[in-house]
1. How large is the charge dipole for the chain, taken about the Cα centre, if only the Cβ atoms of Lys, Arg (+1) and Asp, Glu (-1) carry charge, to the nearest 20 debye?
2. Compare the Cα positions of SER554, ALA620, ALA591 along the charge dipole of the range 542-632 (+1 at Cβ of Lys, Arg; -1 at Cβ of Asp, Glu; about the Cα centre) and return the one farthest towards the positive end.
3. With axes computed from alpha carbons, what is the tilt in degrees of helix 676-688 against the longest principal axis of the chain, rounded to the nearest 10 within 0 to 90?
4. Among rounded, prolate and oblate, which fits the range 262-391 when a ≥ b ≥ c are the square roots of the eigenvalues of its C-alpha gyration tensor, a/c under 1.5 means rounded, and a/b larger than b/c means prolate?
5. Under the rule that a partner needs its Cβ under 4.7 Å from the first Cβ, which Cys of the chain have none?
6. What are the ³J(HN,Hα) values, in whole Hz, obtained from phi via the Karplus relation 6.51 cos²θ - 1.76 cosθ + 1.60 with θ = phi - 60°, for each residue of the range 139-145 in sequence order, with x given for Gly and Pro?
7. Would you compute, from DSSP H runs of 4+ residues alone, the mean residue ellipticity of the chain at 222 nm, taking -39500 (n - 2.57) per run and dividing by the full residue count, rounded to the nearest 500?
8. I need the fraction of alpha carbon pairs in the chain separated by more than 49 Å, rounded to a whole percent.
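Rule-based calculations on the coordinates, nothing more; no lab input. From a predicted model like this one, the values you see are computed outputs, not experimental measurements. As a convention, Cβ positions derive from the backbone with ideal geometry for all residues, glycine included, and neighbour counts pool all protein chains shown.
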Amino acid sequence: MVTSPRVLTSAGELTGRWAAVFEEAGVRPRVMELASKFPEERSLEIPFASIEAADTSLADELLVRPEEVLDSGARAMRELLPVMGPEAQGLRLRVTGLPQTAHRVIREIRESDLNRLIAIDGIVRKVTEVRPQIRDAVFSCAACRAEVHELQDETSPIFREPIECYTAQGGCGKPASRTRFRLLPEKSLYIDSQRIEIQENPESLKGGAHPQGLSVLLTEDLTGRVIPGNRIVAVGVLKSLQRATASRTGVIRSTTFDLMLLGNSLESKQQEFAEIEPTEEELREILQWQGDPTVVDKIVLSLAPTIKGMEEEKEAIALQLFGGVEKRQPDGVRIRGDITVLLVGDPGVAKTQLLRYVASVAPRGIYTSGKGATAAGLTAAAVKDDFAGGRWVLEAGMMVLADGGVAVIDELDKMTPEDSSAMHEVLESGTCSVAKAGITATLNARCTVLAAANPRFGRFTPDRSFAEQVNLPPTLLSRFDVIYSIYDKPDRQRDRLLANRILESHRSGEARELGAEVNESPSAGAPFPPEFLRKYIAYARRTYRPVLSAEALSAIEDYYVTVRKQGEDPNAPVPITARQLEALVRLSEAAARARLSNVVTIDDARRAIKIMASFLSRVATSEGKIDIDTVTTGVTHSQRERMDLLYELMRKLQADKGYFTLEELHAEAEKASIPASRTDTLFYALRAQGEVAERRPNQWQLIRF
């Protein structure tokens, strides 16, 4: 806490001290340049450290009495100008880089911070439109036609009118009850105004606390600079606004006040994961693992160590946390570097526990459940809000807030198709577009998505394909780089190991409750503790941008061409597409980044190939052959062939008498070697698509004959 300095009664003394600070900082050329570029540029940004180095007492006073000190600084700027033109009154002084003692967490703001200069670190949640705000209202008196000025309070939404025709401004002195005042909009002074709401960074919350927000008023050249999802440091003066409610008897004013920050400057946090900075000792420990070929395996062992098994899934998730390298092509096309992973598994295989652990260890990790999520809550929305006086505002959703981090979505299959379809753009391009109520905007949502879902029928059955058992549209499935199906199959050796581990965890927990000593913690054997792993990931993602070596390129190309060769036969399915090729590149880059290397070696490429081969063998295999259509379209190559054959049989039956029955269709299908169960599955799939309709009981017709 800064102690209150001695009170200066002379504004001239403050202006003189500012002039000395400007002289030492050498800002005269910058002020002259601003004056020449006015009104396009009007703000002089000066670091707090420069003020403190020149005049420590002035820097202390700036924190305690910011409005008075900043006004004196603006006067000192005007005195540097050789000619007092219209730009003199428009130049603004903005302070950046406040010391840590002036930084505040939103939930820790107290009354002692009122009317002080503070810095708030957070993420932009809502943004209103930029609108003119009246600052100096000019009125005409109906009695004497005099023009009087009424300065407005920039923090208050209430418009103030003159209480009398001020004699000091040449008026007649009549009170408002004996005359009328007419606003003269063309002679009044306006400034650009915008309100934003920033909330606490998700990674700073402890124990699932609800993030708190704070309104910030931006004016003049600060407006229009941020969009929802931006991480910023807002510097300004903290003000209080009295709450008021309307009633029949008038306005009832509350003793409770709301808070608002009058923005003085905005600093954008461009550096990735700047909020997660390792100490020097931790950095030395991180760099010890640079180039170690076993470090990726150690990271895999450190992911949710109490959950035994799922090594392949954990390896894919470990690479997902590091991510590939985002690339911008010369034509402006962006190639995402984020890796998306979907886990579809039987109940009781610890999917949720794994996801919650990843959300806690990932830098900027946000967890949500699809059961209570909507399209607006996941992406972004334009909503009417009292925050903007009943106007439409742009509000960021979970995936926009997770920009640059990890969005963890559990129970993805519980979302409605309308809501889940909003994720398509985010998964494919890392952006989120909104077009509603005249607001058209594209927000960044460059987040890694880790999702989990349950099978359609509660548990996987061996006689059905993967696509038939997943209650997700193929258009959504096709946008995941890696999909794993997790089966809960009884296995005596594995079950005994799992039971021992779970029972040991319970026994250790009971021993702790009783105060007894515990020899081994459930997470024993994990090479890296969660906090160290979090900083390791943040440092790797911030520092390294791996490039593919010639050997790695050759290995990925050979694998892709070899797998594609399986589909060259006329009746063979398409085994793999370019989407999987790009996923291989991202996984390879992530493996190199996990090793703290800027070069992707052939070992990194082989690790990526192993993960991709595991995904294809589990999910995208039909009748012993790799068929990517299982994921991308939901219909395998063999199913499509049978469906086409069944369609032709129905066409022939309908040509004879104008309709066909199910018994006739079964008889013809058996002649074509299509089992009755498969015939029913394909027939009802065509019915669901609107290709077949029942005109009369058991009389079916093709819609497009």
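1. 1460 debye
2. ALA591
3. Helix 676-688 sits roughly 30 degrees off the main axis of the chain.
4. Judged from the Cα gyration tensor, the range 262-391 comes out oblate (a/c at least 1.5, b/c at or above a/b).
5. Lacking a cysteine Cβ partner under 4.7 Å: CYS432, CYS447.
6. The phi angles translate into 10, 10, 7, 5, 7, 10, 6 Hz.
7. Value at 222 nm, helices only, nearest 500: -11000 deg cm²/dmol.
8. So the pairs more than 49 Å apart make up 34 percent of the total in the chain.
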